[in-house]
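Asks: Sharing a structure, written as structure tokens. Questions coming.
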Amino acid sequence: MKHNEPKGSKAFRWMITGILILTAVVLMLPLYYLVVTSFKTMQEAIGPFHWRPQTRTLDNFREVFQMEQFHIVRFFFNTIFLILVKSLGTIFTCSLAAYGFARYQFKYKELIFGILMCALMIPGELLTIPCYEVYINLGWMDSYLPMTVSKFFGTDIFAIFLLRQFFAKVPGSLFEAAKIDGCGEFQMFRSIMVPLSKPVFVTLFLLYFVGTYNDVYEANLYLLSENKYTLAQGLQMVENLFNNGGHDYLIPWNVLSAATLVAIVPVIILFAFGQKQFIEGMATSGIKG
């Protein structure tokens, strides 16, 4: 039997849909501006805004790949290397820590986990100076070590929280059956927990990918040589290449937009392929089991 939907409910649904569409359009405007500007000439880019380029050109993209100091391919692979090392280190060590919180019962477990959650409220910038001094004394400046080594010690509290929430939903009967079959703890983690946790692993990888891909603060802090620059540093360098030292120099927004557009393509492609697992991982980890 078909039930008629109340008029008020239907109107509310249409209102929410309209708000979401309007919000999506507003959020897409910066991306549209970036795409349009990347095809404009220098005169159009610094002049009055037009919704469409008056003269479309691909010279901006040619200049991006021909600039001697902007080694976009090298910067890209430097960034990918950092992403892989940081994400793999974090996923491996934090998953082990989260597994302990989700599976084991030990004294003061909730207290320790609560302290970790409180530590999330501490701004990372407060730790910048002491960490910087430690890395200088270790001789790690101008290397990737300050940005990667700590990831292999389970230091990402948010990752531990996200993984623990996901692990807590896995039925305990699976582990009891595995114990009867003679599986050890690490074997159960590898054979049961890891295959079931692919969505949350993909979620963490995407978060690390975007975070590292866009990070210029930490990279500028520790990386000094241009051959070790990340892509975010390279985009920042494009602007500095046109700085003549005066206050009236013009930033080539058309070239900078073209470089930025090339840089964000991998992020869009990765999210397009991983959005299902990303949404599933965030949804299942955020619900208390």
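Asks: How compact is the stretch 37-118 by the rule of thumb for globular proteins, expressed as Cα Rg over 2.2 N^0.38 Å?
Replies: 2.11
Asks: Additional query: Projecting each Cα onto the charge dipole of the stretch 69-286 (Lys/Arg +1, Asp/Glu -1 at the beta carbon, about the Cα centre), which of PHE201, CYS183, ILE115 comes out farthest on the positive side?
Replies: CYS183
Asks: How large is the translational diffusion coefficient of the stretch 7-61 in µm² per second when you combine the Kirkwood radius over alpha carbon pairs with Stokes-Einstein at 4 °C and 1.567 mPa s?
Replies: 96 µm²/s
Asks: Could you give the longest part of the chain that holds none of the trypsin sites (Lys or Arg not before Pro) found in DSSP loops with at most 11 neighbouring Cβ atoms within 10 Å?
Replies: It runs 108-287.
Asks: Projected onto the charge dipole of the chain (+1 at Lys/Arg Cβ, -1 at Asp/Glu Cβ, origin at the Cα centre), which of LEU34, VAL170, LEU82 gives the Cα projection farthest towards the positive end?
Replies: Checked the options; the winner is VAL170.
Asks: Further question on the same structure: Determine the relative contact order of the stretch 69-286: mean sequence separation of Cα pairs under 8 Å and six or more apart, normalised by residue count, in whole percent.
Replies: The value is 33 percent.
Asks: Which value, in debye to the nearest 20, gives the size of the charge dipole of the chain about its Cα centre, when Lys and Arg are +1 and Asp and Glu are -1 at the Cβ?
Replies: 1400 debye
Asks: Sort out the exposed loop chymotrypsin sites (Phe, Trp or Tyr not before Pro) in the chain (DSSP loop, at most 13 other Cβ within 10 Å) and tell me the longest stretch that has none.
Replies: Excluding the exposed sites themselves, the longest stretch runs over 109-241.
Asks: Shifting gears a bit: Which residue, PHE92, MET67, TYR104, has the largest displacement toward the positive end of the dipole of the stretch 48-135 when charges sit on each Cβ (Lys, Arg +1; Asp, Glu -1)?
Replies: Sorting the options by dipole projection puts first TYR104.
Asks: Give the angle, between 0 and 90 degrees and rounded to the nearest 10, that separates the Cα long axis of helix 231-241 from the longest principal axis of the Cα atoms of the chain.
Replies: Tilt of helix 231-241: around 20 degrees.
Asks: In degrees, nearest 10, range 0 to 90: what is the angle between the Cα axis of helix 128-138 and the longest Cα principal axis of the chain?
Replies: With rounding to tens, the tilt is 90 degrees.
Asks: While we're looking at this one, here's another question. Whole percent per 5 Å bin, from 0 to the bin with the longest distance: what is P(r) over all C-alpha pairs of the chain?
Replies: 1, 5, 9, 11, 12, 12, 12, 11, 9, 7, 5, 3, 2, 1, 0, 0
Here, each number is a calculation from the coordinates, and none is a lab measurement. The model shown is predicted, which means the values in this text are computed figures rather than measured ones. Heads up, the Cβs are rebuilt from the backbone with ideal geometry, glycines too, and the neighbour counts pull from every protein chain shown.
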